[in-house]
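Here's the structure, in structure tokens; my notes come after.
Values quoted throughout were computed directly from the atomic coordinates according to the rules given, and no laboratory measurement underlies them. Just so we're clear, the structure is a prediction, and the values are computed from it rather than from any experiment. A quick note on method: Cβ atoms are made from the backbone with ideal geometry, for glycine too, and the neighbour counts reach across all protein chains shown.
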Amino acid sequence: MLNVLRSILVSLLAVLVIGVAPAWAGLTDDHYDGNIFPLYGGNGSLVPPRVTLAESFQRDKPTLLVLYVDDSKDCKEYTSVLSQLDAYYGRATDFIFLSLDSIAPKAQYDRTEPGYYYKGLLPQTVVFDPSGNVVLDEAGVLSFEQIDDVFREVFDLLPRSESVELRRRQINEVNVELVPANEAK
């Protein structure tokens with residue numbers, strides 16, 4: 001009986017050690033890891049979008065449209081920039097982040113459809129002013145500052161050189177600012 005139990009335990013251990021593949025999520029590869037916004041951007045509430053592009057045009061608000069795929073290194077890296085933008089402009093701007101896989105292919109799109117703005121490269125970032133005019137249309141990973149400058153013009157805010165510096169926050173940082181340093185003993 002003891003030998004049977006021992007062989008069962010050894011077999012179970014062998015299956016667990018050899019047969020179970022680890023789950024790895026990598027920011028620097030082009031592998032599919034699931035929805036990239038909660039994984040790498042720290043904000044899963046950004047997808048799915050709350051409004052469509054057509055609805056956003058009717059709301060007279062600026063719109064940030066980003067087309068992406070979940071299995072792209074560039075798109076994964078870009079999610080942290082988009083999450084930071086949401087912190088500053090999320091209440092005053094419609095954020096529409098769409099996976100290219102969710103856009104049905106067709107011969108021609110209307111300007112109120114996200115496929116109209118796809119240029120063949122990802123991530124694709126398009127910023128619209130409140131009237132629906134395109135004020136930025138770029139492919140690739142953009143910096144926070146590039147998009148912030150466009151939003152500053154759209155919202156008629158002071159340029160960065162004349163206003164308070166917006167400091168970039170690291171992802172998943174430990175917040176030590178809750179208590180003054182001299183009280184943290």
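In which sequence would Phe57, Phe37 go, from the one with the fewest C-beta neighbours within 10 Å to the one with the most?
Numbers: Phe57 18, Phe37 23.
Starting with the residue having the fewest Cβ neighbours, the order is Phe57, Phe37.
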Which of Lys61, Lys106 has the fewest Cβ neighbours within 10 Å, and the rest in rising order: Lys106, Lys61
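When N is the residue count of region 36-162, what does its C-alpha Rg come to as a fraction of 2.2 N^0.38 Å?
On the way: Rg = 13.8 Å, N = 127, 2.2 N^0.38 = 13.9 Å.
Compactness ratio reported: 0.99.
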